[in-house]
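Working notes for the structure below.
No lab work stands behind these numbers, since they all come straight from the coordinates. Given the structure is predicted, the values throughout are model-derived calculations rather than measurements. Don't worry about glycine lacking a Cβ; one is built from the backbone with ideal geometry, like all the others, and counts go over all protein chains shown.
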Amino acid sequence: MATDPSEYDKSMPAVVVYLAKVERAVDRTRASHGGRPYAEVHQALVEALQAEDAQRVVPQVVERFARQISDTGDSVDG
């Protein structure tokens with residue numbers, strides 16, 4: 001199945017906006033809940049994603065961000 005390159009170009013601005021919302025939610029959660037227990041971080045992250053209207057993140061991705069924020073307190077890069 002071939003994809004029209006113009007469809008990709010049309011979609012990218014929306015993808016960039018959505019990813020910025022996710023990044024804001026993760027940054028806000030990291031700043032407010034870094035190093036706290038996983039369950040607390042996870043709930044805060046879910047709420048932050050909802051507040052950003054970015055709740056359609058794959059659950060495993062949310063779990064990984066939450067675990068990293070909880071474990072390190074300051075980094076979701078590793």
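Figures for the structure shown
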read-out: The chain: calculated mean residue ellipticity at 222 nm from DSSP helix runs of at least 4, using -39500 (n - 2.57); value: -25000 deg cm²/dmol
read-out: Listed residues Val17, Val41, Val58, most fluctuating in the chain (Gaussian network, C-alpha, under 10 Å); value: Val58
read-out: Percentage, to the nearest whole number, of Cα pairs in the chain over 14 Å apart; value: 61
read-out: Over segment 35-78: Rg over Rh, Cα atoms, Kirkwood Rh; value: 0.95
read-out: Positive-pole candidate from Ser11, Gln50, Gly35, dipole of the chain, charges at beta carbon; value: Gly35
